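Chemist: Dumping the structure here so I can ask a few things about it.
The values are calculated or read from the model by the stated rules, or taken from the named source; none is laboratory data. The structure presented is a predicted model; accordingly, all values stated were derived computationally and were not measured. In this analysis, Cβ positions are derived from the backbone assuming ideal geometry, glycine residues included, and neighbour counts consider all displayed protein chains. These area figures cover heavy atoms from the full protein model, side chains too; ligands, DNA and RNA do not enter into them. Shrake-Rupley method; radii C 1.70, N 1.55, O 1.52, S 1.80 Å.
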Amino acid sequence: MTITKSQRIYSAAGKNLPINLYQPVGTSGKDNVFIYKTTPNQGKTIHTQANERTYSQTKISTTNTAYLTTTETRWRYQNGFYKFLFIGTGMQNKLIHRTNTLYYPKGYVRLTVKQANQLKKRMNNSNQTTSALKQQMTTYVQQKVAAANTRDPPENKANQSTSAA
């Protein structure tokens, strides 16, 4: 028996960051666990399953929304005879194979958790650098204005403009 379910998903990084976040599993680079949210304001993230019966992949979506399609194949007895024949084996409704396909619009960027953390650090450093530069620029402009005012005070300029008229 095969069951297919679809649901809308959102970026694990937040509403305004279209990031397809994943964590590699193992050393082959073929198996990944994808991290996502099911609602835009959800606090805790969800991930795809990581086991020997599950395969996860991503594809480009033709729509503007991200969504997850899960296809599960399970054992199911055809009738009572087979149910009686295999009684006690625990095979009824046992998972055979699961495929998770995450569809993302073209604007999404695919990053590992490690890359996302590095990006976060760089963003924090650039914010600190930006605020330090703003402070330096403000100090520099204030010094230049003060130097210009000591050479040529503003009240002298006002007096000069009225006396020239």
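Chemist: Quick check on this structure: which one of K120, K106, K134 is closer than 30 Å to K30 by Cα and modelled with pLDDT under 85? If you could, list the steps in order and put the result at the bottom.
Modeler: Details: K106 fails: modelled with pLDDT under 85; K134 fails: closer than 30 Å to K30 by Cα.
The match here is K120.
Chemist: Within the stretch 83-104, how many residues turn out to be surrounded by 14 or more Cβ atoms within 10 Å (Cβ to Cβ) and either of a type outside the set (A, V, I, L, M, F, W, C) or without any contact (Cβ under 8 Å) to a residue 40 or more places away in the chain (or both)?
Modeler: First pass over the stretch 83-104, keeping only residues surrounded by 14 or more Cβ atoms within 10 Å (Cβ to Cβ): 91, 98-104.
From what is left, the residues that are either of a type outside the set (A, V, I, L, M, F, W, C) or without any contact (Cβ under 8 Å) to a residue 40 or more places away in the chain (or both) are 91, 98-101, 103-104.
Looking only at that region, the number is 7.
Chemist: Is it the case that the stretch 13-22 has a residue that's free of Cβ contacts under 8 Å to residues at least 60 places away in the same chain and open to solvent by less than 50 Å² (accessible area, probe 1.4 Å)?
Modeler: Keep residues of the stretch 13-22 that are free of Cβ contacts under 8 Å to residues at least 60 places away in the same chain, which gives 14-17.
Subsequent filtering for residues that are open to solvent by less than 50 Å² (accessible area, probe 1.4 Å) retains 14.
Yes - at least one qualifying residue is present in the stretch 13-22.
Chemist: Has the stretch 23-34 got any residue that is over 30 Å from M123 (Cα atoms) and modelled with pLDDT under 90?
Modeler: To start, the set of residues in the stretch 23-34 that are over 30 Å from M123 (Cα atoms) comprises 28.
Checking the rest, the ones that are also modelled with pLDDT under 90 come to 28.
Scanning the stretch 23-34 turns up at least one residue that is over 30 Å from M123 (Cα atoms) and modelled with pLDDT under 90.
Chemist: Scan the stretch 26-41 for residues that are in a strand (DSSP E or B) and either touching a Lys or Arg at 6+ places or on another chain (Cβ under 9 Å) or loosely packed, with under 14 Cβ neighbours inside 10 Å (or both) and jot them down.
Modeler: The first filter runs over the stretch 26-41 and keeps only residues in a strand (DSSP E or B), leaving 31-37.
Once the filter is applied, which keeps residues that are in a strand (DSSP E or B) and either touching a Lys or Arg at 6+ places or on another chain (Cβ under 9 Å) or loosely packed, with under 14 Cβ neighbours inside 10 Å (or both), the stretch 26-41 yields only K37.
Chemist: In addition: Which of the residues spanning the stretch 55-68 are surrounded by 11 or more Cβ atoms within 10 Å (Cβ to Cβ) and more than 15 Å from P24 (Cβ to Cβ)? Working first, answer last.
Modeler: The first filter runs over the stretch 55-68 and keeps only residues surrounded by 11 or more Cβ atoms within 10 Å (Cβ to Cβ), leaving 55-58, 61, 65-68.
Across the stretch 55-68, the qualifying residues are S61, T65, A66, Y67, L68.
Chemist: I would also like to ask the following. Against the conditions (1) at pLDDT 75 or above; (2) open to solvent by 90 Å² or more (accessible area, probe 1.4 Å), where does T162 fall short? Just the number, please.
Modeler: Here T162 meets the rest and fails (1).
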